[in-house]
Amino acid sequence: MVQSKATSVDDFMLEVSAERRPALDRLRALCLRTFGAEHELMAFGMPAYGPPKLPWIAFNSQKQHISLYAGQSALEAHADRLAGVDHGKGCVRWRRPEAMDFDLIAEMLEHVQARVRGA
């Protein structure tokens, strides 16, 4: 799935393959804990958190990988721990769900939350 036509994150999660579902459920739970359910939405065909036109963070289940769009600042702040992980300026990609480091992801989400709050 590249861009989902789902109108809710619940519907999006129903589209996810069974092998990726546990990892995406865990990723969603981290996002909900960090940003709150009131900030959860679908934006650009993927689950996102924040304002609709410019969400703070998003994730997706692509054909070849799971993507986390956390922004350049979060990736730069954790560059040492992202060594060897496929990533671009603001996106981290995992080919296998079991390769996801959820402690690192939680720290990246907290980084974004602190930036949003202006800390």
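Throughout, read-outs are computed from the coordinates displayed, never taken from laboratory work. Just so it is clear, the model here is predicted, and its values are computed rather than measured. Glycine gets a Cβ as well: all are built from the backbone with ideal geometry, and neighbour counts include every protein chain shown.
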Practice problem: With N set to the residue count of the stretch 9-117, report its C-alpha Rg divided by 2.2 N^0.38 Å to two decimal places. | Solution: 0.97
Practice problem: Quick one: net charge around Val9, please, counting Lys, Arg +1 and Asp, Glu -1 for every other residue with C-beta under 10 Å from its C-beta. | Solution: -2
Exercise. Within the set of other residues whose C-beta is less than 15 Å from the C-beta of Asp80, count the net charge using Lys and Arg as +1 and Asp and Glu as -1.
Key: -3
Quiz item: In whole angstrom, how far apart do the alpha carbon centroids of the stretch 80-119 and the stretch 4-47 sit?
Solution: 16
Self-check item: Calculated [θ] (222 nm, deg cm²/dmol) that DSSP helices of n ≥ 4 give over the chain, each run adding -39,500 (n - 2.57)
Solution: -11000 deg cm²/dmol
Self-check item: Neighbourhood net charge (15 Å Cβ-Cβ; Lys/Arg +1, Asp/Glu -1) for Arg115
Solution: -2
Self-check item: Nonlocal amide H pairs with Ala43, under 5 Å, H built at 1.01 Å
Solution: Ala48
Quiz item: If we restrict to alpha carbons, what Rg and Dmax does the stretch 12-76 come to, in Å?
Solution: 11.5, 33
